[in-house]
1. Ignoring ligands, DNA and RNA, what percent of the 1.4 Å accessible area of the chain is carbon and sulfur?
2. At 1.4 Å probe size, with every protein chain present, just tell me what the per residue accessible area of the chain comes to in Å².
3. Label residue 80 and residue 38 with points 7 Å out from Cα along Cα→Cβ: what is the distance between them in nm?
4. Just need the relative contact order of the range 57-151 here, percent rounded to a whole number, with Cα pairs under 8 Å and 6+ apart.
5. If you line up the long axis of helix 73-105 against the longest principal axis of the chain, both from Cα atoms, how many degrees apart are they, to the nearest 10?
6. When only the heavy atoms of the protein chains count and the probe is 1.4 Å, how do 4, 116 rank by accessible area, highest first?
7. Might you report the magnitude of the Cβ-based charge dipole of the chain about its Cα centre, with Lys and Arg at +1 and Asp and Glu at -1, to the nearest 20 debye?
8. Which lysines, if any, have their Cα less than 29 Å from the Cα of residue 178, not counting same-chain residues under 8 positions apart?
Amino acid sequence: MKPIGSLMREHRLIERMVGLMNRELNQLKNQGEADRLFIQHAVDFFRTYADRTHHGKEEDILFKALNEKQLSAEHRKIMDELVNEHVYARKTVTSLSEMNERYELDNSEVVLGEIIKSLEKLVKLYPEHIEKEDKHFFYPILDYFTREEQDEMLQEFWDFDRMMIHEKYQKLVERLEK
């Protein structure tokens with residue numbers, strides 16, 4: 001398996017969650033009421049799986065390795081765009097989380113509107129972001145790596161994944177201890 005195969009498989013799960021968020025968005029617009037529990041789950045998914053796990057592998061392993069290569073101007077530009085999109089996604093998920101917490105105390109149209117805006121941004125961003133990676137970035141950048149480097153990167157991805165569950169629940173216990 002190539003290292004990008006692992007990342008592309010993760011994209012399929014992210015796409016499924018985006019589909020669920022789109023469904024929630026449509027229900028929210030029709031019914032005028034947010035499902036706070038669903039939003040909590042979506043925030044957790046995007047923070048833990050999409051951002052920390054998936055984007056973590058991209059930024060901490062793949063992009064870091066690419067920074068050591070002589071990238072073409074086009075590939076450098078795409079990589080910079082991808083990093084900026086990760087930052088945008090983090091900010092949008094944070095806004096969604098904050099508005100969801102606020103919604104418990106103030107379920108006004110203003111707060112609901114902010115929840116809708118955040119969901120719309122994420123539902124729009126991720127399909128475009130994933131297409132950019134899958135169809136315009138991942139395959140071409142493999143040429144910068146030897147087969148051995150790709151195998152080492154794949155192993156780093158697996159090691160990274162193994163640590164994620166421990167990191168998540170260690171942070172949970174530390175938060176609860178405070």
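The values are calculated or read from the model by the stated rules, or taken from the named source; none is laboratory data. Small disclaimer: the values here were computed from a predicted structure and weren't measured. So basically every Cβ, Gly included, is an ideal-geometry build from the backbone, and we count neighbours across all protein chains shown. The protein model used for the area step is the full one, side chains on, heavy atoms only, and it has no ligands, DNA or RNA in it. Shrake-Rupley method; radii C 1.70, N 1.55, O 1.52, S 1.80 Å.
1. Numbers: 5340 of 10370 Å².
Ligands and nucleic acids excluded, carbon and sulfur give 51 percent.
2. Values: 10370 Å² over 178 residues.
Using a 1.4 Å probe on heavy atoms only, each residue of the chain averages 58 Å².
3. The modelled label-to-label distance comes out at 3.9 nm.
4. Working: 34 pairs, mean separation 32.7, N = 95.
Value for the range 57-151: 34 percent.
5. The angle comes out near 20 degrees.
6. Working: 4 5, 116 35 Å².
So the residues, ranked largest to smallest area, are 116, 4.
7. Details: 28 positive and 37 negative charges, 48 e Å.
I would put it at about 240 debye.
8. Reachable lysines: 91, 168.
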